[in-house]
Amino acid sequence: MGGGDPAVVTREDGTAGRTLVTGWFSFLDGEVTAGDVLALRRVREVLDRAGLPYDVAWRPGFRPGLLSLDDVRADGYTRLLFVCGPLAGSQVSGLHRQFSHCRRIAVGVSVIDPADPAVTGFHEVLARDAQDRPVTRDLAVRAPLGGRVPVVGVVLTDGQGEYGPLRMHTEVAGKVGGWLAGRDCAPVVLQTRLDSRDGMLCSEPEQVVSALERVDTVITDRLHGLVLALRAGVPPIVIDPVRGGAKVSAQAHACRWPALVPGEALSASVLDAWWAWCASRGREAARHRRAVPAGGPDAADELAALLASGGTRPAASAVAPRRRAPRRAAG
């Protein structure tokens, strides 16, 4: 399959030259997937074992400071590899023009239309699936894989308009996202909102808690993100997204949970410190909160006392009044 001159391109000294490794992970309008990167690792393993020099072209911005197609000098290569994904579209066929002097090989790809110029421009196509050849396993199956990384449940909200100009939700989300991007962790976005009709959301509280039980840490600016993480025995980093402090701070104090950050004080260094605490002492603290519910009486106890009195609050209630969390000065 493929067209063009099948002769191996060599340098003037007769040896095979440098290889450029590309894929959908190289295109500005492409995307980088976990499967793509694992497939790339498998190909790099083969090239390393063969002792062949190569470079990898990344999508601009995905690996800041590393090579992208915009930086490449095409005449510096004698071989081009295209790894994983479908062989289709103008971005793939554009490689044939840019690297017309190179021997071009596609590996671990899907061939949808064998007559597509994106396909025929390659000298060799080593497909994982194509119409005229047996299916082979994807390259990710045998790719080198590192160890386990922490899984972080991310429970944020962009609502709560009732707080008006005191809202810091957008700022909080931006800082949390930027901080997570710099950590070697697996962020899992979770919602406490329930919907019985949307299969992409939980419909019962037990489903939310079951999801939280499977993460290592939670980062949240929601009151129930805090409460349900503690119910699951998982340490949360809790951020109050309301300037001056509001219900999230109040609940953290009621639950005696120390990993609380005012939105005004949110920074990477503060998150780093609580991250380290949650990975060590915080785990035991969260397990303790799960085994021994914190915070003492709740409003339902007051309701029970109120109902027992015939609907009038007793003058000296057995239930102590709840204390508000102190509000912090804005700044």
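Here are a few things to note about the model shown:
- Region 120-174 - residue that is more than 22 Å from ILE219 (Cβ to Cβ) and β-branched (Val, Ile, Thr) and, of those, nearest to the chain's Cα centre (by Cα): VAL141
- Count - residues of region 134-150 that are of a type outside the set (D, E, K, R) and exposed (fewer than 15 other Cβ atoms within 10 Å of the Cβ): 9
- Residue pairs meeting the criteria (Cβ under 9 Å; at least 6 apart or on separate chains; first assigned to a loop (DSSP other than H, G, I, E, B), in region 37-66; second among the basic types (Lys, Arg)): LEU52/ARG18; LEU52/ARG79; PRO53/ARG18
- So LEU180, is it surrounded by 11 or more Cβ atoms within 10 Å (Cβ to Cβ), in the same structural domain as ASP216 (by TED's automatic domain parsing), touching a strand residue (DSSP E or B) at 6+ places or on another chain (Cβ under 8 Å) and modelled with pLDDT under 95: no
- Residue check for PRO117: out of contact with any strand residue (DSSP E or B) (no Cβ under 8 Å at 6 or more places or on another chain), over 26 Å from PRO134 (Cα atoms) and either free of Cβ contacts under 8 Å to residues at least 24 places away in the same chain or not polar (S, T, N, Q) (or both): no
- Residue list for region 290-310, restricted to those being modelled with pLDDT of 85 or more, small (Gly, Ala, Ser) and either out of contact with any Lys or Arg (no Cβ under 9 Å at 6 or more places or on another chain) or closer than 21 Å to VAL227 by Cα (or both): ALA299, ALA300, ALA304, ALA308, SER309
- Restricting region 179-200 to residues that are over 17 Å from THR217 (Cβ atoms) and not basic (Lys, Arg) leaves a set whose member that is nearest to the chain's Cα centre (by Cα) is GLN191.
The values are calculated or read from the model by the stated rules, or taken from the named source; none is laboratory data. Since we're looking at a predicted model, the values are computed, not measured. Please note: Cβ atoms are built from the backbone with ideal geometry, for glycine as well, and neighbour counts cover all protein chains shown.
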